[in-house]
Amino acid sequence: PQGGSGSGGDGSRGSAILATARSKIGMPYVWGAASDDVGYDCSGLVQVAYAAAGIELAHSSASQCSAGSRVSQDQAQPGDLVCWSGHVAIYAGDNTIVEAATEGVPVRETTVYQMDGGPYYVHIS
């Protein structure tokens with residue numbers, strides 16, 4: 001855990017994003033949703049997690065994945081996005097992600113996997 005110095009560095013921001021995403025683990029996947037009352041889809045989870053760190057993103061995986069700059073996997077920091085074609089997740093470090101995957105799969109933390117168009121990593125500054 002980062003110290004609370006309030007310097008606003010990427011480390012503390014990334015840990016805020018990740019802590020919010022992890023707090024949703026077990027919530028249902030619901031397409032188009034972004035609230036504890038209903039559930040989350042992939043971009044809804046990202047939108048809410050980033051909002052907790054004061055960053056506004058659209059509720060769209062395509063626009064989220066084009067909102068920052070691509071970084072290599074070894075440069076990716078916790079809180080960065082992991083993107084595929086039509087899907088987005090939050091990088092948790094150590095080759096793991098927090099994601100709202102698909103219908104019937106609750107929000108989870110899992111290993112980064114291969115799928116159409118990815119994965120590629122995006123840092124939003």
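The values are calculated or read from the model by the stated rules, or taken from the named source; none is laboratory data. For clarity, every value in this text was computed on a predicted model and none was experimentally measured. Glycine gets a Cβ as well: all are built from the backbone with ideal geometry, and neighbour counts include every protein chain shown. Side chains are part of the model used for accessible areas, which takes the heavy atoms of the whole protein and leaves out ligands, DNA and RNA. Shrake-Rupley method; radii C 1.70, N 1.55, O 1.52, S 1.80 Å.
All conditions but one from (1) of a type in the set (A, V, I, L, M); (2) out of contact with any Ser or Thr (no Cβ under 9 Å at 6 or more places or on another chain); (3) open to solvent by less than 10 Å² (accessible area, probe 1.4 Å) apply to VAL30; the one that does not is (3).
To keep it simple, each residue is scored yes or no on (1) in contact (Cβ under 8 Å) with a residue 40 or more places away in the chain; (2) buried (at least 18 other Cβ atoms within 10 Å of the Cβ).
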| residue | (1), (2) |
| --- | --- |
| ASP36 | no, no |
| GLY68 | yes, no |
| CYS83 | no, yes |
| TYR120 | yes, no |
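Give the number of residues within the range 42-59 that are aliphatic (A, V, I, L, M), open to solvent by 40 Å² or more (accessible area, probe 1.4 Å) and over 13 Å from SER23 (Cα atoms). Adding up the residues that qualify gives 2. When GLN77 is tested against (1) open to solvent by less than 60 Å² (accessible area, probe 1.4 Å); (2) in contact (Cβ under 8 Å) with a residue 24 or more places away in the chain; (3) touching a helix residue (DSSP H, G or I) at 6+ places or on another chain (Cβ under 9 Å), exactly one condition is not met: (1). Across the range 91-117, the number of residues qualifying as touching a Phe, Trp or Tyr at 6+ places or on another chain (Cβ under 8 Å) and not in a loop (DSSP other than H, G, I, E, B) comes to 5. Scanning the range 67-90 for residues that are in contact with a strand residue (DSSP E or B) (Cβ under 8 Å, 6 or more places away or on another chain), among the small types (Gly, Ala, Ser) and part of a loop (DSSP other than H, G, I, E, B) turns up ALA67, GLY68, SER72, ALA76, GLY79, SER85.
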